[in-house]
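The values are calculated or read from the model by the stated rules, or taken from the named source; none is laboratory data. Values in this document were obtained by computation on a predicted structure and should not be read as measured data. Heads up, the Cβs are rebuilt from the backbone with ideal geometry, glycines too, and the neighbour counts pull from every protein chain shown. Ligands, DNA and RNA are stripped out before the accessible areas are found, and what is left, the full protein with its side chains, is counted by its heavy atoms. Shrake-Rupley method; radii C 1.70, N 1.55, O 1.52, S 1.80 Å.
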Amino acid sequence: MAKLGLALGGGGTRGAFEIGAWRAFLELGIEFAAITGTSIGAINGALMLSCSYERAVELWQNLTYEQCLAFSSPLELKSSDLFALKNSDILAKEILAQGGINTGPLRELLLDYIDETAIRSHPVRFGLMTIQLNDLKAEPRWIEDIPAGQLIDFILASAHLPGLQPVQIDGKRYLDGGFAENLPVSMLRRQGLRHLVAIDLEPRVPVRRPVDDNTQLTLIHDSQSLGSLLDLDPALIRRNQALGYLDAMKAFDRLNGDYYTFASDDHARLLREYGPDLLSGFEQAALAFELDRSCVYTADDFLAQVRSLHRAARQQYEQKRQELQVESKIRAVAGGTLHVLRMQPAMRLEFLAELTASLELSKNPLKIPLKLFPNLNWTAKALQRLEPL
């Protein structure tokens with residue numbers, strides 16, 4: 001079997017997703033010849049090679065800002081998302097008072113969980129990406145290129161975001177490797193590895209598959225946002241771990257689904273009974289209704305949940321009809337003058353469902369401006385298949 005390389009992307013506390021993917025690798029018996037990481041990916045890669053999965057989960061599930069950052073006064077955050085606008089005054093004071101937020105506690109935490117000796121002797125090769133700030137030059141480092149006793153220093157260099165206290169090693173200052181290559185696939189390719197697994201944490205279109213040198217890339221990526229860069233809400237951490245596991249199992253064809261997750265038999269049944277377009281519509285509807293994505297659904301349970309949420313949303317929509325100005329919006333659609341639609345996703349979907357129904361009932365059906373309903377093209381038709389409410 002060809003040797004596999006694993007690239008772990010940066011993304012702050014979204015990195016809990018990578019820990020969930022690790023669980024899938026263990027269950028599937030997938031082993032790697034080399035692991036590279038950027039920023040939180042460098043931290044997670046080091047954890048994978050120096051502690052147990054259970055201990056890494058313990059670290060993530062009990063993580064607090066006090067374990068990572070030292071503030072000049074007791075921390076009173078107004079949001080679990082450190083970078084939220086509500087916390088901007090707190091961050092500004094700390095940056096001014098300390099010349100950047102102190103990451104001393106994070107160093108101690110990493111020293112407790114990451115065993116440099118174990119990583120140096122591990123058969124899986126470890127590397128990380130950072131940037132030398134002096135010349136803004138990318139500086140990929142393999143474990144053999146890192147002087148003994150300096151692994152934690154270089155991991156912190158790889159994860160050094162602007163606003164944190166400077167990271168200086170041997171007189172050189174470093175910056176987060178994400179500014180050079182957030183998903184360090186190139187390090188693996190330069191070592192001759194052509195079968196790669198990459199975990200991308202960014203809420204954007206994932207990297208394209210490199211095909212110029214016969215590289216085979218299995219990409220693990222969630223199509224929906226995993227949250228903010230520095231949000232330690234325990235529920236969000238648990239959800240992202242679950243999604244990392246589910247998306248990794250999908251990437252290796254053990255589970256199926258786009259936004260939601262099904263066993264292969266259930267997914268095949270949904271495709272057989274409804275076809276890919278309507279199934280996509282059901283999943284889009286579930287997103288609009290904010291159905292939990294962090295579990296595996298049977299076909300029957302998924303449809304029942306969507307139907308129940310549709311019923312509740314429809315009742316709310318009817319109750320709020322006047323507040324939502326539904327009738328005037330329908331007239332605006334008919335006159336072609338509705339250019340902006342300000343509604344919450346669930347209400348937007350119910351409005352689309354009403355407009356779609358009009359196409360079948362009226363001799364002069366409305367021309368629905370689908371640009372006002374991004375990603376909802378098939379949802380109204382799908383919901384019609386679930387009637388009656």
So MET1 ticks every box in (1) modelled with pLDDT under 95; (2) under 23 Å from ILE101 (Cα atoms) but one. Which box is left unticked? (2)
Quick test of your reading of the structure: LEU352 fulfils all but one of (1) open to solvent by 20 Å² or more (accessible area, probe 1.4 Å); (2) over 30 Å from ALA248 (Cβ atoms); (3) free of Cβ contacts under 8 Å to residues at least 40 places away in the same chain. Name the failing condition by number. (1)
Filtered residue count, segment 356-389, keeping only those that are at pLDDT below 85, more than 29 Å from the chain's Cα centre (by Cα) and not charged (D, E, K, R): 14
Every residue in segment 133-191 that is on the phi > 0 side of the Ramachandran plot, surrounded by fewer than 13 Cβ atoms within 10 Å (Cβ to Cβ) and not acidic (Asp, Glu), please. LEU136, GLY149, GLY171
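Name the residue that is farthest from ILE95 (Cα to Cα), counting only residues in segment 33-58 that are surrounded by fewer than 20 Cβ atoms within 10 Å (Cβ to Cβ) and in contact (Cβ under 8 Å) with a residue 40 or more places away in the chain.
Residues of segment 33-58 surrounded by fewer than 20 Cβ atoms within 10 Å (Cβ to Cβ): 33, 51-55, 57-58.
So of that shortlist, the ones also in contact (Cβ under 8 Å) with a residue 40 or more places away in the chain come out as 33, 51, 55, 57.
Details: ALA33: 40, CYS51: 33, ARG55: 32, VAL57: 30 Å.
Only one residue tops the list, namely ALA33.
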Do we have GLN67 as among the polar types (S, T, N, Q) and within 19 Å of ASP153 (Cβ to Cβ) here? yes
Residue set LEU246, LEU271, LEU255; condition within 16 Å of HIS221 (Cβ to Cβ) and free of Cβ contacts under 8 Å to residues at least 60 places away in the same chain; output residue LEU255
Scanning for something of a type in the set (Ser, Thr, Tyr), within 20 Å of ILE152 (Cβ to Cβ) and assigned to a loop (DSSP other than H, G, I, E, B), does segment 47-55 turn up at least one residue? yes
Residue check, ASN240 against (1) buried (at least 16 other Cβ atoms within 10 Å of the Cβ); (2) modelled with pLDDT under 95, all met but one. Which one? (2)
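Restricting the search to segment 26-43, which residues are closer than 13 Å to GLY127 by Cβ and under 21 Å from the mean Cα position of the chain (by Cα)?
Within segment 26-43, the first condition is being closer than 13 Å to GLY127 by Cβ, and the residues that meet it are 32-38, 41-42.
Within segment 26-43, ILE35, THR36, GLY37, THR38, GLY41, ALA42 meet the criteria.
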Of the residues that sit in segment 192-222 and are within 12 Å of the chain's Cα centre (by Cα) and at pLDDT 90 or above, which one is surrounded by the fewest Cβ atoms within 10 Å (Cβ to Cβ)? HIS221
